[in-house]
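Participant: Quick one: structure below, then a few questions.
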Amino acid sequence: EPTTARTIKVAGVLFEPARTGDYKAANFRQARDLIREAAAGGADVVCTYAHGLDGYGRDANKMNGTSDPPATRSEIMGESGYIRRLGELAKELHIAIAAGVAIREGQNTFNSTLLFSDTGKLVGIYRKTHNAGKYARWFAPLTAKDKKAACPSFPIGIGRLSVKICND
């Protein structure tokens with residue numbers, strides 16, 4: 001059965017992240033306020049940039065590896081209140097959110113995008129597949145099998161969304 005085409009409005013939010021003090025709370029507030037502004041402007045999908053929450057920004061090359069203290073800036077899946085709050089925000093605003101977040105699992109960190117549907121459900125996690133050069137020192141590499149499986153699309157309520165990060 002044919003479907004009716006619909007225009008989907010996508011917004012990107014960008015800000016200079018705090019990197020010291022209570023940086024996660026400050027960065028979450030900035031992201032939250034910009035996401036609200038984008039939703040008020042009619043955005044159906046709002047995308048944050050890589051690592052706005054943890055303040056990584058453009059400084060990954062200053063990290064020496066996953067045991068380096070800055071790796072602790074990553075969010076732990078299932079434990080992070082900020083990840084939970086991103087889902088709540090998506091549900092409240094009835095929008096999909098693609099949030100760039102460094103996540104940590106065990107001793108590994110992953111440059112990731114978390115995808116929340118317009119119901120607030122976490123529907124997908126995309127991990128950067130090509131951590132090259134100076135950035136390869138901090139983020140865990142994916143196996144060839146993981147790289148092939150890392151490119152699905154995810155249901156976000158108004159359709160499906162696929163994500164790529166940087167040079168992927």
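Participant: I'd like to verify a number: residues in the stretch 83-122 that are modelled with pLDDT under 95 and surrounded by fewer than 18 Cβ atoms within 10 Å (Cβ to Cβ), how many?
Facilitator: 4
Participant: Given the conditions (1) at pLDDT below 85; (2) touching a helix residue (DSSP H, G or I) at 6+ places or on another chain (Cβ under 9 Å); (3) among the basic types (Lys, Arg), report the number of the one that Lys145 does not fulfil.
Facilitator: Evaluating Lys145 over (1) at pLDDT below 85; (2) touching a helix residue (DSSP H, G or I) at 6+ places or on another chain (Cβ under 9 Å); (3) among the basic types (Lys, Arg) leaves (2) as the failure.
Participant: Further question on the same structure: If you take the residues of the stretch 5-28 that are open to solvent by 100 Å² or more (accessible area, probe 1.4 Å) and farther than 24 Å from Val163 by Cα, which of them is modelled with the highest pLDDT?
Facilitator: Here the answer is Asp22.
The values are calculated or read from the model by the stated rules, or taken from the named source; none is laboratory data. Values in this document were obtained by computation on a predicted structure and should not be read as measured data. For neighbour counting, all protein chains shown are included, and Cβ atoms are generated from backbone atoms with ideal geometry for every residue, glycine included. Ligands, DNA and RNA are excluded from the accessible area calculation, which covers all protein heavy atoms including side chains. Shrake-Rupley method; radii C 1.70, N 1.55, O 1.52, S 1.80 Å.
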